[in-house]
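Report on one structure; see the data block that follows.
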Amino acid sequence: MSDGSPYLTFDRDAWAALRGGTPMTLTPDDVAELSGINEELSMTEVEEVYLPLSRLVNLHVGAVRQLHRVSSQFLNTHAPKVPYVVAIGGSVSAGKSTTARVLRTLLARGADHPRVDLVTTDGFLFPNAVLEERGLMERKGFPESYDRARLIEFVSDLKSGSSPLNVPVYSHFDYDIIDERQTIDHPDIVILEGLNVLQTGSIHAVFVSDFVDFSIYVDASEADLETWFLDRFRKLRETAFRDPASFFHQFAAMSEEEAVALAASIWKRINLANLHENILPTRERARLILGKGTSHVVERVLLRKL
């Protein structure tokens with residue numbers, strides 16, 4: 001009997017068994033380098049979670065390529081193939097960036113060695129000067145803080161086969177858009193990572209998700225997300241924030257108690273509010289959900305039924 005859910009649910013062991021014969025292409029040094037600031041990735045996590053995921057994405061990429069060949073044969077055309085787009089969404093501090101980096105590396109080291117680019121939607125935030133002018137600095141990360149028209153134009157151009165494309169670059173050190181560009185040149189696969197990749201409901205009739213081939217949501221409890229956010233804040237306060245050039249250098253001079261209290265306030269006023277209003281409602285739009293436990297380890301995987 002069907003449970004009525006649009007998803008198939010796998011516990012850790014059941015998901016790990018779907019790895020098949022996918023080879024491990026990462027070394028312990030690779031895994032350490034791919035880990036997040038407060039997310040120590042393990043070889044076991046790669047083997048049991050990310051190798052099955054990379055196998056699944058590769059199967060989908062292969063199916064789309066076959067469909068492209070069949071369509072070209074039917075239409076008697078030789079249209080160039082367009083990149084396969086994987087979107088990775090979720091809350092601040094959920095570990096989206098780590099998931100994106102690991103998946104990118106595994107896909108790029110696949111048998112066909114495809115060209116895989118990683119683009120974060122942070123690059124499409126309005127510069128701080130624009131946000132300040134519009135009174136949106138306290139809404140950074142909310143939909144209205146992004147240049148959504150420019151983001152839609154990018155993904156539209158991407159799926160139209162236009163190349164090369166230049167993408168704005170955001171610096172977490174400067175907390176602003178910087179004078180650099182990322183060049184996307186004829187990729188086979190593009191991983192698009194950000195808070196807003198699955199969102200709808202804007203004034204635009206077209207959404208980023210309209211151009212996405214496979215979508216992933218990194219999920220965790222609100223309590224864990226807050227804990228991870230504060231843990232990361234403490235580590236950054238002892239490292240990057242100590243640099244006088246850092247936007248957040250002011251936090252390094254505060255007492256531990258003051259700094260953590262301010263970070264907790266930022267979490268509740270901005271990140272938690274954004275999660276409730278804009279991010280969490282998109283979870284069920286994802287093709288696949290990675291459900292994390294307290295230690296950042298994926299405990300279950302939900303895969304949308306076809």
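The values are calculated or read from the model by the stated rules, or taken from the named source; none is laboratory data. Small disclaimer: the values here were computed from a predicted structure and weren't measured. For neighbour counting, all protein chains shown are included, and Cβ atoms are generated from backbone atoms with ideal geometry for every residue, glycine included.
Taking segment 165-192 as the region of interest, how many residues are in a loop (DSSP other than H, G, I, E, B) and either closer than 15 Å to Thr121 by Cβ or of a type in the set (Lys, Arg) (or both)? Full working, then the answer.
Within segment 165-192, the first condition is being in a loop (DSSP other than H, G, I, E, B), and the residues that meet it are 172-175, 185-188.
Of the ones still in play, those that are also either closer than 15 Å to Thr121 by Cβ or of a type in the set (Lys, Arg) (or both) are 172.
Qualifying residue count, segment 165-192: 1.
Looking only at segment 85-130, filter to residues that are out of contact with any His (no Cβ under 9 Å at 6 or more places or on another chain) and among the basic types (Lys, Arg); which one of those is farthest from Met43 (Cα to Cα)?
Result: Lys96.
Can you list the helices (runs of 4 or more DSSP H) lying wholly within segment 219-271 that have 1 or more residues being of a type in the set (Phe, Trp, Tyr)?
222-238, 249-252
For segment 254-276, which residues satisfy the criterion of being surrounded by 11 or more Cβ atoms within 10 Å (Cβ to Cβ) and among the small types (Gly, Ala, Ser)?
Across segment 254-276, the qualifying residues are Ala259, Ala261, Ala263, Ala264, Ala273.
Under the condition of being in a helix (DSSP H, G or I) and touching a strand residue (DSSP E or B) at 6+ places or on another chain (Cβ under 9 Å), which residue from segment 131-150 is nearest to Val86 (Cα to Cα)?
Of the residues in segment 131-150, the ones in a helix (DSSP H, G or I) are 131-133, 137-139, 143-145, 148-150.
Checking which are touching a strand residue (DSSP E or B) at 6+ places or on another chain (Cβ under 9 Å) leaves us with 131, 145, 150.
Working: Leu131: 28, Ser145: 23, Arg150: 19 Å.
Here the residue is Arg150.
Give the residues of segment 43-63 that are in contact (Cβ under 8 Å) with a residue 24 or more places away in the chain and either more than 21 Å from Gly291 (Cβ to Cβ) or not in a helix (DSSP H, G or I) (or both), sorted by residue number. Give the derivation first.
First, the residues of segment 43-63 that are in contact (Cβ under 8 Å) with a residue 24 or more places away in the chain: 45-58, 60-61.
The answer is Asn58, Val61.
Determine which member of the set Asp112, Asp117 is out of contact with any Leu (no Cβ under 6 Å at 6 or more places or on another chain) and closer than 30 Å to Phe142 by Cα.
Numbers: Asp112 fails: closer than 30 Å to Phe142 by Cα.
Criteria check complete, one pass: Asp117.
Just name the residue that is farthest from Thr98 (Cα to Cα) out of those in segment 2-42 that are acidic (Asp, Glu) and in a strand (DSSP E or B). Give the steps one after another, and end with the answer.
From segment 2-42, those acidic (Asp, Glu) are 3, 11, 13, 29-30, 33, 39-40; that's our starting set.
Still in the running and in a strand (DSSP E or B): 11, 39.
On the way: Asp11: 21, Glu39: 8 Å.
Within segment 2-42, the match that is farthest from Thr98 (Cα to Cα) is Asp11.
Can you name the number of the only condition in (1) modelled with pLDDT of 90 or more; (2) crowded, with 21+ Cβ neighbours inside 10 Å that Asn196 fails?
(1)
Please go through segment 238-252 and pick out each residue that is among the small types (Gly, Ala, Ser) and either exposed (fewer than 14 other Cβ atoms within 10 Å of the Cβ) or in contact (Cβ under 8 Å) with a residue 24 or more places away in the chain (or both). Don't jump to the end; show me each part of the working.
So in segment 238-252, the residues among the small types (Gly, Ala, Ser) come out as 240, 245-246, 252.
Residues satisfying the conditions are Ala240, Ala245, Ser246.
Scan segment 70-105 residue by residue and report those that are at pLDDT below 95, among the aliphatic types (A, V, I, L, M) and assigned to a loop (DSSP other than H, G, I, E, B).
Ala79, Val82
So, of the residues in segment 277-287 that are surrounded by fewer than 18 Cβ atoms within 10 Å (Cβ to Cβ) and not charged (D, E, K, R), which turns out to be farthest from Glu238 (Cα to Cα)?
Residue satisfying both the conditions and the ranking: Pro281.
Just for segment 103-120: of the residues that are charged (D, E, K, R) and farther than 10 Å from Asp188 by Cα, which one is surrounded by the fewest Cβ atoms within 10 Å (Cβ to Cβ)? Break it down stepwise before answering.
Initially, segment 103-120 is screened for residues charged (D, E, K, R), giving 104, 109, 112, 115, 117.
Okay, now just the ones that are also farther than 10 Å from Asp188 by Cα, so 104, 109, 112.
Values: Arg104: 21, Arg109: 16, Asp112: 11.
Applying the filter and picking the extreme gives Asp112.
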